[in-house]
Amino acid sequence: MSSLKNAGSCSGRSITKDEEVRDGDEVIVLEAMKMELPIVAEASGTVKEIKCAQGDAVEADAVLLVLE
């Protein structure tokens, strides 16, 4: 599970559902205050659910990704 500490918007994803990721892999890119912020996986696993799409507003502490 990856979460955001500040509000922003989803500007891109580098993963798809059912994809294998490793701890530290970049999975989502967020934009906040005109800066791109790479979000990395907090654990290794398979992407079960992606909870943001490009252009979505994202609240602080929102869950962005669920790993299995």
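For the range 31-45, the set of residues classified as of a type in the set (A, V, I, L, M), surrounded by 14 or more Cβ atoms within 10 Å (Cβ to Cβ) and more than 12 Å from the chain's Cα centre (by Cα) consists of ALA32 only. In this structure, is VAL66 assigned to a strand (DSSP E or B), in contact with a Gly (Cβ under 8 Å, 6 or more places away or on another chain) and β-branched (Val, Ile, Thr)? So VAL66 does not fit the description; no. Residues in the range 38-52 that are assigned to a strand (DSSP E or B) and either touching a Gly at 6+ places or on another chain (Cβ under 7 Å) or polar (S, T, N, Q) (or both): VAL40, THR46. Residue check: is ILE28 crowded, with 16+ Cβ neighbours inside 10 Å and assigned to a loop (DSSP other than H, G, I, E, B)? Taking the combined requirement at face value, the residue does not satisfy it.
Being surrounded by 12 or more Cβ atoms within 10 Å (Cβ to Cβ), within 12 Å of the chain's Cα centre (by Cα), modelled with pLDDT under 90 and not in a strand (DSSP E or B) is a property that CYS10 lacks.
The values are calculated or read from the model by the stated rules, or taken from the named source; none is laboratory data. The shown structure was predicted, so the numbers you read here are calculated from the model rather than taken from an experiment. Reconstructed Cβ throughout: ideal geometry from the backbone, glycine too, with neighbour counts over all protein chains shown.
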